[in-house]
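Okay, so here's the structure we're looking at.
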Amino acid sequence: MEKTNQKTLEEIIRVDHAGERGAIKIYEGQLLALKTIKQDNNLKDKIEEMKEHEKEHLEYFEKEIQKRKIKPTYLLPLWDVMGVALGFGTALLGKKAAMLCTASVEEVIEDHYQNQLKKLGNDEMDLKAKIEKFKGQEANHKNIAYEAGATNKGVYSIMDKIIRTGSRIAITISEKI
């Protein structure tokens, strides 16, 4: 594939912008719970570190949206509220649930980024390089989450399916509107 279709390019940048912002909102919700109700400094430190990576990702896509004059998804306010609620709720349920939230979302994002890399042409080498880098960092977050106690066994398998499905739905919608 030589040149990237303009519609595809707009969808990729729009959805990645929304996704990185959503990841930050999930972490903000978790941090809110961890700083107020559930005191866990070790978990808080892990989440703050991962949130820093997401901020770098978001800043990149914010610049791309402005530079390329692409409209962000209209649903950003809804995703913001849902992200904070998901993060807050999973942190209230405990460390395993909070880390499962990260693992589930990041696994979907890793696959999503891999699919995007296949759609991008040689005219978008800088964007491809950034997505490849971010995909690696998202995979690292997933691994950190599993090492920190995330599990998708037992009752957590239901939460895993809900979070993954919700993430896929948000991706599909955010690409289009």
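Read-outs throughout are calculated quantities, based only on the coordinates presented, and are distinct from any laboratory measurement. Values in this document were obtained by computation on a predicted structure and should not be read as measured data. Backbone-built Cβ (ideal geometry, glycine too); neighbour counts: all protein chains shown.
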Verdict on TYR113 being surrounded by fewer than 20 Cβ atoms within 10 Å (Cβ to Cβ) and either closer than 20 Å to GLU59 by Cβ or in contact (Cβ under 8 Å) with a residue 40 or more places away in the chain (or both)
no
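For segment 119-140, indicate whether the set of residues that are β-branched (Val, Ile, Thr), surrounded by 15 or more Cβ atoms within 10 Å (Cβ to Cβ) and closer than 18 Å to ARG21 by Cβ is non-empty.
As a first pass, look at segment 119-140 and keep what is β-branched (Val, Ile, Thr): 131.
Narrowing further to those that are surrounded by 15 or more Cβ atoms within 10 Å (Cβ to Cβ): 131.
Those left that are additionally closer than 18 Å to ARG21 by Cβ: 131.
Yes, that holds for at least one residue.
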Can you tell me which residue among THR172, THR73 is within 17 Å of ASP16 (Cα to Cα), of a type in the set (S, T, N, Q) and not in a helix (DSSP H, G or I)?
THR73
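Condition first: more than 30 Å from LYS7 (Cα to Cα) and crowded, with 18+ Cβ neighbours inside 10 Å. Can you find one or more residues in segment 59-77 that meet it?
First, pick out the residues of segment 59-77 that are more than 30 Å from LYS7 (Cα to Cα): none.
For segment 59-77, residues more than 30 Å from LYS7 (Cα to Cα) and crowded, with 18+ Cβ neighbours inside 10 Å: absent.
Can you tell me which residue among GLU56, GLU28, GLU2 is outside any helix (DSSP H, G or I) and acidic (Asp, Glu)? Before you say what the answer is, go through the steps one by one.
Values: GLU56 fails: outside any helix (DSSP H, G or I); GLU28 fails: outside any helix (DSSP H, G or I).
Answer to the check: GLU2.
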Answer residue from segment 27-53, given it is under 15 Å from CYS101 (Cα atoms) and touching a Lys or Arg at 6+ places or on another chain (Cβ under 9 Å) and is surrounded by the most Cβ atoms within 10 Å (Cβ to Cβ) among those
GLN30
Matching residues in segment 124-177 - criterion: being of a type in the set (Phe, Trp, Tyr) and either touching a Gly at 6+ places or on another chain (Cβ under 8 Å) or without any contact (Cβ under 8 Å) to a residue 60 or more places away in the chain (or both):
TYR146
